[in-house]
Structure formats: structure tokens, C-alpha cells
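Here the structure comes first, spelled out in C-alpha cells, and everything after it is commentary.
What follows is calculated from the coordinates using simple rules that are stated; it is not laboratory data. What you see is a predicted model; the values in this text were computed from it and never measured. Reconstructed Cβ throughout: ideal geometry from the backbone, glycine too, with neighbour counts over all protein chains shown.
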Amino acid sequence: MIIVLRGIFFISLTLIFYLSLVPASEMEFFNALSFIEDKISHGVIFFYISILGMFCDFKIKYCIFMAIIFSFGLTIEIVHYFHPFRYFEWADLLANFFGIILARATYYSLQKNLKTLLN
């Protein structure tokens, strides 16, 4: 099961990176989002990849894993800075960070509740 989750995780990272390179005007759904809706979508996407990655049970500390995921988002924003049809936005990084933190809190809560149920 872990191998399947890890496959989904890496496919998701690849898809997210690819979609970040496509001009926003070519993705009608994302192009129509307001500022707030765009930041919510960033938070949801980074929540998704963060919690999925935590369930992959990589043999690294959670704080290091979270830093890697944040660095992935930072890399995307740096690419956007140089991309002719995209823009670097600090608010995107903040939304990514909140998604990562919310995923960690959710995962921690799920772990704690499962341990309580099993005991």
C-alpha cells in the first residue's frame, strides 16, 4: 500500500509542477478564480500533497518533510518569477505554508485519535 501511496505522491508532484508551467490563460477554471479563491486552491493543493506525503511514511522527520514540500512551492514561485505568463506571489507561498501546517495538524490529530481507539 505504501508503494501505491508513494507513486500517487510523486505523480501528484509532477502534475502540480507541470500545471504550474502552463500559462494560466490556458486553464479556464483557474484563470477565473478570484484572488482569495486562488489562495484557497494553493492551500488545498499543498494540504493534499503534504498529508499524502505524511501517509507515505518516508523515513524523515516531519519538520524536514514539511520544509521539503515548502521548498517545492518556493521553487515553483521562483520559476513563476522568470516565466513570461506567470507571476511570483508572496501570498501563494503563505497559502502553501498554511496548507502544509493544516495537513500536519490534521495528520497529528488522526494519529492521536487512532492510537486512542486502538488502546
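Worth pointing out:
- Using the Cα coordinates of the chain, the gyration tensor eigenvalues translate into equivalent-ellipsoid semi-axes of 28, 15, 13 Å, sorted from longest to shortest.
- Among Ala95, His83, Thr116 - extreme Cα towards positive end, dipole of the range 54-119, charges at beta-carbon: Thr116
- Separation of the Phe55 and Ala91 label points, Cα + 7 Å toward Cβ, nm: 3.1 nm
- If you plug the beta carbon distance of Tyr81 and Leu102 into 1/(1 + (r/R0)^6) with R0 = 30 Å, you get a FRET efficiency near 0.70.
- The distance from the alpha carbon centre of the range 45-70 to that of the range 88-119 is 9 Å, rounded to a whole number.
- Adding -39500 (n - 2.57) for every DSSP H run of four residues or longer, then dividing by how many residues the chain holds, sets the calculated 222 nm ellipticity at -27500 deg cm²/dmol.
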